[in-house]
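Here is the structure we will look at.
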Amino acid sequence: MMDGQVAAIRDALDEAGHEPVAILAYAAKYASALYGPFRDAVDVTIIGGGDRKGYQQDPRNAREALEEIRADLAEGADMVMVKPALAYLDVIARARAEVDVPLAAYHVSGEYAMVMAAAERGWIDGDAVAFEHLTAIKRAGADMILTYFTRSVAESLSQR
(Lines give C-alpha, C1' and ligand atoms only; values in the text may rest on other atoms or scores of the structure.)
Protein backbone atom coordinates (compact mmCIF):
# COMPACT_ATOMS: atom_id res chain seq x y z
CA MET A 1 0.00 0.00 0.00
CA MET A 2 2.95 2.32 0.40
CA ASP A 3 4.36 4.06 -2.67
CA GLY A 4 7.33 2.19 -4.10
CA GLN A 5 6.63 -0.99 -2.12
CA VAL A 6 5.73 -3.11 -5.15
CA ALA A 7 8.80 -1.94 -7.07
CA ALA A 8 11.06 -2.81 -4.13
CA ILE A 9 9.52 -6.27 -3.81
CA ARG A 10 9.68 -6.88 -7.59
CA ASP A 11 13.35 -5.81 -7.69
CA ALA A 12 14.27 -8.04 -4.73
CA LEU A 13 12.47 -11.04 -6.21
CA ASP A 14 14.01 -10.56 -9.64
CA GLU A 15 17.53 -10.07 -8.22
CA ALA A 16 17.14 -13.31 -6.25
CA GLY A 17 16.14 -15.20 -9.40
CA HIS A 18 12.44 -15.38 -8.59
CA GLU A 19 11.08 -13.58 -11.64
CA PRO A 20 8.05 -15.93 -11.98
CA VAL A 21 6.78 -15.12 -8.47
CA ALA A 22 3.62 -13.05 -8.73
CA ILE A 23 2.89 -10.01 -6.59
CA LEU A 24 -0.56 -9.20 -5.22
CA ALA A 25 -0.61 -5.50 -4.38
CA TYR A 26 -2.86 -4.05 -1.68
CA ALA A 27 -3.43 -1.34 -4.24
CA ALA A 28 -6.64 0.17 -2.86
CA LYS A 29 -6.66 -0.19 0.92
CA TYR A 30 -9.05 2.17 2.58
CA ALA A 31 -8.81 3.66 6.08
CA SER A 32 -11.92 1.80 7.17
CA ALA A 33 -13.72 1.35 10.47
CA LEU A 34 -14.48 -2.18 9.25
CA TYR A 35 -11.07 -3.46 10.40
CA GLY A 36 -12.09 -3.09 14.06
CA PRO A 37 -12.83 -6.74 14.94
CA PHE A 38 -9.47 -7.88 13.54
CA ARG A 39 -7.57 -5.15 15.36
CA ASP A 40 -9.34 -6.03 18.60
CA ALA A 41 -8.60 -9.74 18.15
CA VAL A 42 -4.87 -9.21 17.65
CA ASP A 43 -4.63 -6.30 20.08
CA VAL A 44 -2.95 -3.99 17.58
CA THR A 45 -1.04 -1.11 19.10
CA ILE A 46 1.02 1.36 17.14
CA ILE A 47 3.99 2.80 18.97
CA GLY A 48 3.40 6.45 19.74
CA GLY A 49 -0.37 6.06 19.48
CA GLY A 50 -0.63 6.66 15.74
CA ASP A 51 -2.76 4.88 13.19
CA ARG A 52 -2.38 3.51 9.68
CA LYS A 53 -4.46 6.19 8.03
CA GLY A 54 -1.30 7.86 6.74
CA TYR A 55 -0.87 5.20 4.09
CA GLN A 56 -4.49 4.11 3.70
CA GLN A 57 -6.91 5.86 1.42
CA ASP A 58 -9.68 8.24 2.35
CA PRO A 59 -13.02 6.35 2.11
CA ARG A 60 -14.54 9.34 0.32
CA ASN A 61 -12.06 9.17 -2.57
CA ALA A 62 -12.64 6.55 -5.28
CA ARG A 63 -10.37 8.18 -7.87
CA GLU A 64 -7.26 7.73 -5.72
CA ALA A 65 -7.82 3.97 -5.75
CA LEU A 66 -7.48 3.84 -9.52
CA GLU A 67 -4.32 5.94 -9.39
CA GLU A 68 -2.82 3.57 -6.81
CA ILE A 69 -3.83 0.53 -8.87
CA ARG A 70 -2.18 2.01 -11.98
CA ALA A 71 0.95 2.87 -10.00
CA ASP A 72 1.26 -0.62 -8.51
CA LEU A 73 0.83 -2.22 -11.93
CA ALA A 74 3.50 0.10 -13.36
CA GLU A 75 5.82 -1.00 -10.53
CA GLY A 76 5.34 -4.67 -11.44
CA ALA A 77 2.27 -5.93 -9.58
CA ASP A 78 0.63 -8.92 -11.24
CA MET A 79 -2.64 -8.70 -9.28
CA VAL A 80 -4.34 -5.95 -7.31
CA MET A 81 -6.65 -5.90 -4.31
CA VAL A 82 -9.42 -3.66 -3.01
CA LYS A 83 -9.91 -3.73 0.77
CA PRO A 84 -12.56 -3.71 2.27
CA ALA A 85 -14.86 -5.18 -0.34
CA LEU A 86 -18.54 -4.63 0.26
CA ALA A 87 -18.48 -0.91 1.00
CA TYR A 88 -16.27 -0.42 -2.06
CA LEU A 89 -18.14 -2.36 -4.75
CA ASP A 90 -18.01 0.77 -6.90
CA VAL A 91 -14.22 0.77 -6.70
CA ILE A 92 -14.07 -2.94 -7.58
CA ALA A 93 -16.32 -2.33 -10.60
CA ARG A 94 -14.28 0.67 -11.76
CA ALA A 95 -11.03 -1.26 -11.35
CA ARG A 96 -12.45 -4.20 -13.30
CA ALA A 97 -13.50 -1.86 -16.12
CA GLU A 98 -10.03 -0.37 -16.29
CA VAL A 99 -7.52 -3.17 -15.72
CA ASP A 100 -7.19 -6.66 -17.12
CA VAL A 101 -5.26 -8.36 -14.34
CA PRO A 102 -6.55 -10.62 -11.57
CA LEU A 103 -8.57 -8.50 -9.15
CA ALA A 104 -8.92 -9.52 -5.52
CA ALA A 105 -11.33 -8.16 -2.94
CA TYR A 106 -10.92 -8.57 0.81
CA HIS A 107 -14.21 -9.05 2.67
CA VAL A 108 -12.85 -7.94 6.03
CA SER A 109 -13.57 -8.75 9.67
CA GLY A 110 -16.14 -6.01 10.20
CA GLU A 111 -18.14 -7.11 7.18
CA TYR A 112 -18.12 -10.66 8.56
CA ALA A 113 -18.89 -9.56 12.12
CA MET A 114 -21.97 -7.58 11.10
CA VAL A 115 -23.48 -10.63 9.42
CA MET A 116 -22.59 -12.96 12.27
CA ALA A 117 -23.96 -10.62 14.96
CA ALA A 118 -27.26 -10.15 13.13
CA ALA A 119 -27.53 -13.90 12.48
CA GLU A 120 -26.86 -14.72 16.15
CA ARG A 121 -29.78 -12.47 17.08
CA GLY A 122 -32.04 -14.18 14.57
CA TRP A 123 -32.48 -11.04 12.50
CA ILE A 124 -31.13 -12.53 9.27
CA ASP A 125 -30.22 -15.86 7.69
CA GLY A 126 -26.44 -15.58 8.06
CA ASP A 127 -25.55 -18.15 5.41
CA ALA A 128 -27.88 -16.57 2.86
CA VAL A 129 -26.53 -13.08 3.56
CA ALA A 130 -22.93 -14.36 3.35
CA PHE A 131 -23.62 -15.81 -0.11
CA GLU A 132 -25.34 -12.57 -1.09
CA HIS A 133 -22.32 -10.51 -0.01
CA LEU A 134 -19.89 -12.75 -1.85
CA THR A 135 -22.08 -12.81 -4.95
CA ALA A 136 -22.21 -9.01 -4.99
CA ILE A 137 -18.42 -8.81 -4.73
CA LYS A 138 -18.00 -11.28 -7.58
CA ARG A 139 -20.65 -9.50 -9.64
CA ALA A 140 -18.78 -6.20 -9.17
CA GLY A 141 -15.78 -7.79 -10.88
CA ALA A 142 -13.58 -9.53 -8.31
CA ASP A 143 -11.77 -12.62 -9.55
CA MET A 144 -10.76 -13.64 -6.03
CA ILE A 145 -12.40 -12.97 -2.67
CA LEU A 146 -10.57 -13.22 0.62
CA THR A 147 -13.17 -13.65 3.36
CA TYR A 148 -13.72 -14.85 6.90
CA PHE A 149 -16.64 -16.84 5.48
CA THR A 150 -14.31 -19.22 3.62
CA ARG A 151 -14.81 -22.20 5.93
CA SER A 152 -18.57 -21.87 6.32
CA VAL A 153 -19.10 -21.34 2.58
CA ALA A 154 -16.90 -24.33 1.72
CA GLU A 155 -18.78 -26.52 4.21
CA SER A 156 -22.12 -25.32 2.89
CA LEU A 157 -21.14 -25.96 -0.73
CA SER A 158 -19.82 -29.44 0.09
CA GLN A 159 -23.23 -30.40 1.49
CA ARG A 160 -25.13 -29.47 -1.67
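The values are calculated or read from the model by the stated rules, or taken from the named source; none is laboratory data. Quick caveat: nothing in here was measured; it's all calculated off a predicted structure. Cβ atoms come from the backbone with ideal geometry, glycine included; neighbour counts cover every protein chain shown. Note: areas computed on protein heavy atoms with side chains; ligands, DNA, RNA excluded. Shrake-Rupley method; radii C 1.70, N 1.55, O 1.52, S 1.80 Å.
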Once all protein chains are kept in place, D78 shows an accessible area at probe 1.4 Å, nearest 10 Å², of 60
Expected unfolding gain across S158-T135 under the 0.36 nm per residue rule, minus the alpha-carbon gap, is 6.5 nm
Plugging the Cβ-Cβ distance of L13 and A93 into 1/(1 + (r/R0)^6) at R0 = 45 Å yields, to the nearest 0.05, a FRET efficiency of 0.90
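Averaging sequence separations of C-alpha pairs under 8 Å and six or more residues apart, then dividing by the length of segment 79-139, give the relative contact order as a whole percent.
36
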Charges only on Cβ, +1 for Lys and Arg, -1 for Asp and Glu: so what's the dipole of segment 70-146 about the Cα centre, in debye to the nearest 20?
140
Heavy atoms of the protein only, probe of 1.4 Å, neighbouring chains included. What is the accessible area of E75 in Å², nearest 10?
50
Got a sec? What order do H18, H133, H107 fall in by accessible area at 1.4 Å, biggest, i.e. largest, first?
H18, H133, H107
